[in-house]
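**Student:** Got a structure for you, written out below as structure tokens; questions coming shortly.
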Amino acid sequence: MPDGTSFEFVRTPADPARDPSEMVFTAQPGGPAPPPHVHPRQREIFTLEEGDFELLLDGDWRKLAPGESVAVEPGATHTYRNEGTSTARVRTVHEPGLSFEQYIRELHATAAEHGVTRITPAMAARMAVIWRRHSETIQAGPLPIKIAFAVLGRVGPLLGLHPTRPSAS
């Protein structure tokens, strides 16, 4: 990503409806994070491998220590941040994988094409469209974000704010 965040898929599900998806990502100090969201049908397990990392789970921030894991059950509102001084390296597993990998690839392609280093209103509109496409995988958490993303997901494209489809590889 333009902000220095990286994503590496280490396990792609053979059957996305059943098998987990596994990814390692970095979170830069002070870098952007997704808005609070839910995975309606997926359990997500975060494991901090190194660095500074906090997880917001159902309204409470929890600082993870290296080696510590936290499971986020389907439907639980969560996000993360790195307010420390060192880059976090985090392993996540989504059970089942569903379209999580495609969602991340589309998000990456959009941020890279537009040079996004923080979530601007234009990027939020593009994200809202991506979230709508991958609603089995990700949905807005708190009601104000649900309303905002519902509006942005419909108005953004009318204003020419389209996400980028990743190139086939």
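The values are calculated or read from the model by the stated rules, or taken from the named source; none is laboratory data. Computed from a prediction, not measured in an experiment: that's the story for all the values here. As a convention, Cβ positions derive from the backbone with ideal geometry for all residues, glycine included, and neighbour counts pool all protein chains shown.
**Student:** Across the range 114-169, what is the total count of residues that are polar (S, T, N, Q) and in contact (Cβ under 8 Å) with a residue 60 or more places away in the chain? Outline the logic, then answer.
**Tutor:** Filtering the range 114-169 down to residues polar (S, T, N, Q) leaves 117, 120, 135, 137, 139, 164, 167, 169.
Narrowing further to those that are in contact (Cβ under 8 Å) with a residue 60 or more places away in the chain: 117, 135, 137, 139.
Qualifying residue count for the region: 4.
**Student:** Being in contact with a strand residue (DSSP E or B) (Cβ under 7 Å, 6 or more places away or on another chain) and either among the small types (Gly, Ala, Ser) or crowded, with 21+ Cβ neighbours inside 10 Å (or both) is the filter; apply it to the range 127-156 and report the residue that is farthest from Glu106 (Cα to Cα). If you could, list the steps in order and put the result at the bottom.
**Tutor:** Going through the range 127-156, the residues in contact with a strand residue (DSSP E or B) (Cβ under 7 Å, 6 or more places away or on another chain) turn out to be 131, 138-141, 146, 149.
If we keep only those that are either among the small types (Gly, Ala, Ser) or crowded, with 21+ Cβ neighbours inside 10 Å (or both) too, we end up with 131, 138, 140-141, 149.
Values: Trp131: 10, Ile138: 13, Ala140: 17, Gly141: 20, Phe149: 17 Å.
Result: Gly141.
**Student:** So, Glu83, is that one touching an Asp or Glu at 6+ places or on another chain (Cβ under 8 Å) and of a type in the set (Asp, Glu) or not?
**Tutor:** Working: touching an Asp or Glu at 6+ places or on another chain (Cβ under 8 Å): yes; of a type in the set (Asp, Glu): yes.
Yes.
**Student:** Scan the range 18-40 residue by residue and report those that are modelled with pLDDT of 95 or more and polar (S, T, N, Q).
**Tutor:** Once the filter is applied, which keeps residues that are modelled with pLDDT of 95 or more and polar (S, T, N, Q), the range 18-40 yields Ser21, Thr26.
**Student:** A follow-up question, please. Looking only at the range 71-113, count how many residues are among the hydroxyl-bearing types (Ser, Thr, Tyr), more than 23 Å from Asp58 (Cα to Cα) and in contact with a strand residue (DSSP E or B) (Cβ under 6 Å, 6 or more places away or on another chain).
**Tutor:** Here the count works out to 1.
**Student:** Considering the range 50-104 alone, what residues qualify as being in a loop (DSSP other than H, G, I, E, B) and within 21 Å of Ala128 (Cα to Cα)? Let's see the steps before the verdict.
**Tutor:** Within the range 50-104, the subset in a loop (DSSP other than H, G, I, E, B) is 51-53, 58-59, 64-68, 73-77, 82-87, 96-99.
Once the filter is applied, which keeps residues that are in a loop (DSSP other than H, G, I, E, B) and within 21 Å of Ala128 (Cα to Cα), the range 50-104 yields Pro74, Gly75, Ala76, Thr77, Gly97, Leu98, Ser99.
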